[in-house]
Amino acid sequence: MNLFDQLEGLSERMQKTLIANNLRTLKNDIENEVAGGALDNLLYLLLKAMSLLFVVNKDYRKNIKDFTASYAICSRDKKIDVSAVFKKVNVLFAQQDGMKAMDSLVENPTTTVTFKDGKAMADFLLSGNTDVIAGMLNNQLSVSGNLNYLFKFIYLLWLIPELLGINDFKELLKDHA
């Protein structure tokens with residue numbers, strides 16, 4: 001094994017260790033955010049975890065094979081403004097399907113969801129109450145763009161707590177509903 005191969009292997013191990021440490025930190029931050037009842041930052045933390053899970057979890061990444069889309073998620077009270085952009089990303093000297101989480105709104109998103117507030121966001125996206133029509137009629141959310149993409153996004157979000165090992169995530173959210 002030459003020096004270049006050794007350096008490449010060391011770099012890959014270091015990156016995987018950093019990702020694993022970041023996922024542990026995000027898991028703790030997500031649990032603390034839910035326990036504290038301040039749900040405004042929760043979605044951004046989940047998006048950061050999602051982007052890292054796409055890097056390390058091949059089965060999870062299969063859900064976005066060759067998928068490109070952008071999501072803007074905001075609230076009328078201006079406390080939530082995050083975006084997720086699904087595209088090819090550079091990982092360990094190669095490109096693979098992935099996602100970039102942003103703490104701002106992306107221009108010209110494929111789908112935009114505007115919630116009344118953080119509680120409405122948690123209730124709709126995370127707790128399993130995904131009745132779009134009821135949410136719109138109750139003035140809890142508005143949606144523009146591709147609804148099929150919205151449901152794909154919700155499905156991907158629902159997988160995160162289990163992948164991170166957060167037990168009873170939906171029950172914790174119900175305490176704040």
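The values are calculated or read from the model by the stated rules, or taken from the named source; none is laboratory data. Because the structure is predicted, anything quoted here is derived from the model rather than measured. With ideal geometry, Cβ positions are generated from the backbone for all residues, glycine too; neighbour counts draw on all protein chains shown. The protein model used for the area step is the full one, side chains on, heavy atoms only, and it has no ligands, DNA or RNA in it. Shrake-Rupley method; radii C 1.70, N 1.55, O 1.52, S 1.80 Å.
Go through (1) in contact (Cβ under 8 Å) with a residue 24 or more places away in the chain; (2) surrounded by fewer than 16 Cβ atoms within 10 Å (Cβ to Cβ); (3) touching an Asp or Glu at 6+ places or on another chain (Cβ under 9 Å); (4) farther than 25 Å from residue 28 by Cβ and name the single condition residue 62 misses.
(1)
Taking segment 55-76 as the region of interest, how many residues are among the basic types (Lys, Arg) and either part of a loop (DSSP other than H, G, I, E, B) or in contact with a helix residue (DSSP H, G or I) (Cβ under 6 Å, 6 or more places away or on another chain) (or both)?
Qualifying residue count for the region: 3.
Would you confirm whether any residue within segment 136-144 is under 22 Å from residue 29 (Cβ atoms), part of a strand (DSSP E or B) and not aliphatic (A, V, I, L, M)?
No, the conditions are met nowhere in segment 136-144.
Quick one: residue 86 ticks every box in (1) of a type outside the set (Ser, Thr, Tyr); (2) farther than 14 Å from residue 61 by Cβ; (3) within 15 Å of the chain's Cα centre (by Cα) except a single one, so which number is it?
Here residue 86 clears every test but (2).
Working only within segment 112-132, note down all residues that are at pLDDT below 80, touching a Lys or Arg at 6+ places or on another chain (Cβ under 7 Å) and either farther than 16 Å from residue 158 by Cβ or surrounded by fewer than 17 Cβ atoms within 10 Å (Cβ to Cβ) (or both).
128 - this is the single residue of segment 112-132 that is at pLDDT below 80, touching a Lys or Arg at 6+ places or on another chain (Cβ under 7 Å) and either farther than 16 Å from residue 158 by Cβ or surrounded by fewer than 17 Cβ atoms within 10 Å (Cβ to Cβ) (or both).
Which of the residues that make up segment 133-168 are at pLDDT below 85 and touching an Asp or Glu at 6+ places or on another chain (Cβ under 8 Å)?
166 - this is the single residue of segment 133-168 that is at pLDDT below 85 and touching an Asp or Glu at 6+ places or on another chain (Cβ under 8 Å).
Those residues that are open to solvent by 30 Å² or more (accessible area, probe 1.4 Å) and either hydrophobic (A, V, I, L, M, F, W, C) or closer than 23 Å to residue 53 by Cβ (or both), I need them from segment 98-111; list them, please.
Filtering segment 98-111 for residues open to solvent by 30 Å² or more (accessible area, probe 1.4 Å) gives 100, 102-110.
Answer for segment 98-111, where residues must be open to solvent by 30 Å² or more (accessible area, probe 1.4 Å) and either hydrophobic (A, V, I, L, M, F, W, C) or closer than 23 Å to residue 53 by Cβ (or both): 100, 102, 103, 104, 105, 106, 109, 110.
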